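Below you'll find the structure, written out as structure tokens, and then a few comments.
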Amino acid sequence: NYSFSLITNLALQDFRYGQEFSFMFGVRSQFVVSPPAGGTESINATGGLTQYIDQVIEYGTGGGNTTITETDIVDFTKEMRVGNNGSDTRYLFAGSELISSLNKGVMSDSTRFVQKDYDTVYGLSFTVLYSFFGTINVMYAPLMDQTEFIERGFLLDMQYIDKFVFQPFRETKVNLWEIREYDGQSVDMLETCGLVVRNTDTHFVFEVKA
């Protein structure tokens, strides 16, 4: 049976997924809505990573080939480090096809240029790829599989990624019986925030070579 607390938790999870999706693929815009109470309200939508990052790292050999080799990882880390003032460690959030190509190409026991390790940062568990140029912390991002980013990924320097909170998250419970609407309870969840991407030269989009 679905209890009220379970339904609330599912709604909160959906709320967080929606926010994560906006931070990746949102379009910075402003539009007007009409609240149930009447009148109009102006809504500002945050831009996502796709709107701010225009640097690309390609993988595969072209023509649909998505192979990634150990030496490719060295080239990836060289490209992410040279020519910008970013950190030694970047974070790759990737769709399932990119994760599969990485896993097949560099996670074998014969690895020479890349070592396998695991790290927990920001409360998340990453697989860590090493080279002399730096490290890439890799994580599968399931939401990307719901878009054309199933073969792509975001390589980010997290010291230049911020969530700016205008209004902290709050949860408001309303007894609908007391206001004579329904016999029940509603929960309103609200957080006003936006994505801030600084020093854009330190961030990249991974995609398959055409």
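The values are calculated or read from the model by the stated rules, or taken from the named source; none is laboratory data. Worth saying up front: this structure is predicted, and the values here are computed from it rather than measured. Cβ: placed from backbone, ideal geometry, glycine included. Neighbour counts: every protein chain shown. Surface accessibility is based on the protein's heavy atoms, side chains included, excluding ligands, DNA and RNA. Shrake-Rupley method; radii C 1.70, N 1.55, O 1.52, S 1.80 Å.
List of remarks:
- Heavy-atom SASA rank of Leu190, Leu176 (probe 1.4 Å, accessible area, largest first): Leu190, Leu176
- Longest stretch of the chain clear of exposed loop sites (trypsin sites (Lys or Arg not before Pro), DSSP loop, at most 14 other Cβ atoms within 10 Å, sites excluded): 29-111.
- Taking amide H as placed 1.01 Å from N in the peptide plane, Thr89 has its amide H under 5 Å from the amide H of Thr135, each at least 5 places away in sequence or on another chain.
- Using alpha-carbon coordinates, inclination of helix 96-106 to the longest axis of the chain, degrees: 30 degrees
- Relative to the current alpha-carbon distance between Thr147 and Val196, full extension at 0.36 nm per residue lengthens the span by 15.4 nm.
- For region 20-160, the spread of Cα coordinates along the three principal axes comes to 66, 33, 29 Å, biggest extent given first.
- Every helix of 4 or more DSSP H residues in the chain counts as -39500 (n - 2.57), and over all residues that averages to -7500 deg cm²/dmol at 222 nm.
- Lys pairs under 22 Å by Cα in the chain, provided they are eight or more residues apart or on distinct chains: 5
- To the nearest ten degrees, helix 4-25 and the longest principal axis of the Cα atoms of the chain are 50 degrees apart.
- The H on the amide N of Val121, modeled in the peptide plane, is under 5 Å from the matching H of Phe126, each at least 5 residues off or on a different chain.
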